[in-house]
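Undergrad: Structure below; questions to follow.
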Amino acid sequence: MILITGGAGFIGTNFILDWVRQSDEGILNLDKLTYAGNLQNLASLAGNPQHIFTHGDICDQEKVTALLNRYRPRAIIHMAAESHVDRSIHGPEDFVQTNITGTFRLLEAARHYWKDLTPPQKAHFRFLHVSTDEVFGSLDQQAPAFTENHCLRPNSPYSASKAASDCLVRAYFHTYGLPVLTTHCSNNYGAYQFPEKLIPLMITNALAGKPLPIYGDGQQIRDWLYVNDHCSAIRRVLEQGQPGETYNIGGWNEKPNLEIVHTICDILQTYRPADYHALITFITDRPGHDRRYAIDARKIERELGWKPAETFATGIEKTVHWYLENQDWVANVQSGDYRKWVEINYDGR
Ligand code: NAD
């Protein structure tokens, strides 16, 4: 059994669906179901004993401890977070609470659980912390991509809170010997992403004939990875990563935001012809907007033999197609009905 936090979010959903397809091992999903948690994403697993959902907050150390003692997981994959940069600018408090205090509470629960395991179980246990490339801050145009040794220079309340959690995770390895692993991944895209993030926002707005808002000049560069490739990298790090190490995860896909939006418009045009490009609207830039992120993923490729399965071209095509095929999912999220689904279908365990 493994414990995942934040398993009803975008990456968590994809991770759990992949996990259940590829393994017989149980997966316990602890999620607070904030606006970003959508349990309906996992409706296909209803009645499947391999996935156990439990509603709760990672800040609730007593609850986490009780879960660890009851289910005895061999690993924790920590994904729960407040994850949206714009929200962190308007309301940083939740980010400090979940991303910093929550990670601290989870580490405390894990440390006490781990120290009482038998020696073989102790050696086998892993705490895998899922972090982001945004903790490294902004890169100059010509600078080499972030390696694992790049210093932490976060610029938004979101990235600052993630960097703080990275430091706590590191400290629990050096101080207590807790076998931790940290991953720093670039921007993810794919199925089930909440339509507040760039790619699903552009797809859903374009289909609705709404403006496609581009911050500043749209030349901010991000490195993109298809979500299922992120999931395969996490599984690889979990099984083969060295405790105390950090691993960058990326797809060598640096692209300016504006180029991404044009690509989406081009793909949409092949399915439903319309002048989507005309919807592009430039808006005032985000305060403190990082200019460029780029991930050097050579360590995970070299040491763990991981490589992404998708190129950007194949991943973005699949993603646009998924949103076209899942208009009900989008409507449910936009109307807020996905929250009602939980009230009706979840027994409150
Ligand atoms: P998300 O916002 O889609 O999902 C977050 C999940 O965490 C939600 O299900 C939410 O209900 C849950 N959650 C929030 N606060 C909680 C709490 N206090 N207790 C329990 N559950 C809580 O996020 P995501 O995009 O799936 O990202 C998952 C992780 O991956 C995050 O840690 C994020 O920093 C990291 N990451 C994301 C990206 C990306 O591009 N999305 C890239 C690199 C790293």
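Read-outs: derived from the displayed coordinates by stated rules, not from any lab. Just so it is clear, the model here is predicted, and its values are computed rather than measured. Virtual Cβ from ideal backbone geometry, glycine too; neighbours counted across all protein chains shown.
Undergrad: Could you go through segment 75-84 in sequence order and give the Karplus-derived ³J(HN,Hα) for each residue, using 6.51 cos²θ - 1.76 cosθ + 1.60 with θ = phi - 60°, rounded to whole Hz, and x for Gly and Pro?
TA: Going residue by residue, I get 7, 10, 9, 9, 10, 4, 6, 7, 10, 9 Hz, with x marking Gly and Pro.
Undergrad: Among L67, L324, L212, which comes first, second and so on when ranked by fewest other beta-carbon atoms within 10 Å?
TA: In increasing order of surrounding Cβ atoms, one gets L324, L67, L212.
Undergrad: Report the equivalent ellipsoid semi-axes for segment 83-136 in whole Å, largest first, defined as the square roots of five times the eigenvalues of the gyration tensor built from alpha carbon atoms.
TA: Here the semi-axes work out to 31, 13, 6 Å.
Undergrad: Would you mind getting the Kirkwood hydrodynamic radius of segment 13-171 from its Cα pairs, rounded to one decimal in Å?
TA: In segment 13-171 this quantity evaluates to 17.2 Å.
Undergrad: Just to verify a number: FRET efficiency for V96 and T65, C-beta to C-beta distance, R0 = 30 Å, to 0.05?
TA: Efficiency computed from Cβ-Cβ geometry: 0.85.
Undergrad: Using just the helices of the chain, give the 222 nm mean residue ellipticity in deg cm²/dmol: DSSP H runs with n ≥ 4 each add -39,500 (n - 2.57), and the total is spread over all residues, rounded to 500.
TA: Computed ellipticity for the chain at 222 nm equals -13000 deg cm²/dmol.
Undergrad: Stretched out fully, how many nm does the piece from D266 to D217 gain, at 0.36 nm a residue minus the Cα gap?
TA: 15.7 nm
Undergrad: Please build a GNM for the chain, connecting alpha carbons under 10 Å apart, and tell me which residue among V237, V130, V20 fluctuates the most.
TA: So, out of V237, V130, V20, the one fluctuating most is V20.
Undergrad: Along its three principal axes, how long is segment 128-252 when you only count alpha carbons? Whole Å, largest extent first please.
TA: 54, 29, 25
Undergrad: Average projected area of the Cα convex hull of segment 7-49, in nm²?
TA: Over every viewing direction, the Cα hull of segment 7-49 projects on average to 2.8 nm².
Undergrad: Which of the aspartates and glutamates could be linked to K63 by a straight reach, that is with a Cα gap under 13 Å, when you skip same-chain ones fewer than 8 residues away?
TA: In chain and number order, the partners are D31, E108.
Undergrad: Further question: For the chain, compute Rh as the Kirkwood radius over C-alpha pairs and then the Stokes-Einstein diffusion coefficient at 4 °C and 1.567 mPa s; write the answer in µm²/s, rounded to an integer.
TA: This corresponds to a translational diffusion coefficient of 63 µm²/s.
Undergrad: Determine how many Å³ per residue the convex hull of the Cα atoms of segment 267-317 encloses.
TA: Here the figure is 113 Å³ per residue.
Undergrad: Could I ask something else about it? At 0.36 nm per residue, and after removing the present C-alpha to C-alpha distance, how many nm does the segment from I89 to A278 gain when stretched out fully?
TA: 65.1 nm
Undergrad: Eight or more residues apart or on different chains, and alpha-carbon atoms under 27 Å: count the Lys pairs in segment 188-343 matching that.
TA: Lysine pair count for segment 188-343: 13.
Undergrad: Turning to a different aspect of this structure: Calculate the length of the line joining the C-alpha centroid of segment 240-314 to that of segment 198-234, in whole Å.
TA: Comparing the Cα centres of segment 240-314 and segment 198-234, I get a distance of 8 Å.
Undergrad: If N is the number of residues in segment 118-196, what value comes out of its Cα radius of gyration divided by 2.2 N^0.38 Å?
TA: 1.32
Undergrad: Please report, in Å, the Rg and the Dmax of segment 1-85, where both are computed over Cα atoms only.
TA: Cα-based Rg and Dmax for segment 1-85 come out at 12.0, 36 Å.
Undergrad: In addition: Using only C-alpha positions, report the orientation-averaged shadow area of the convex hull of segment 261-345, nm², one decimal.
TA: Average projection, Cα convex hull of segment 261-345: 9.9 nm².
Undergrad: Give me the number: length gained by fully extending N326 to T118, i.e. 0.36 nm times residue separation minus the C-alpha to C-alpha distance, one decimal in nm.
TA: 70.2 nm is the gain from fully extending N326 to T118.
Undergrad: Averaged over every viewing direction, what's the projected area of the C-alpha convex hull for segment 199-309? Give it in nm², one decimal, please.
TA: 8.4
Undergrad: Okay, moving on. Taking the Cβ-Cβ separation of R111 and A46 as r and a Förster radius of 35 Å, what is the calculated FRET efficiency to the nearest 0.05?
TA: E between R111 and A46, to the nearest 0.05, is 0.55.
Undergrad: Follow-up question, since we're still on this one. Could you check which residue among S335, S161, S83 shows the biggest mean-square fluctuation in a GNM of the chain with a 10 Å Cα cutoff?
TA: Fluctuation is largest for S335.
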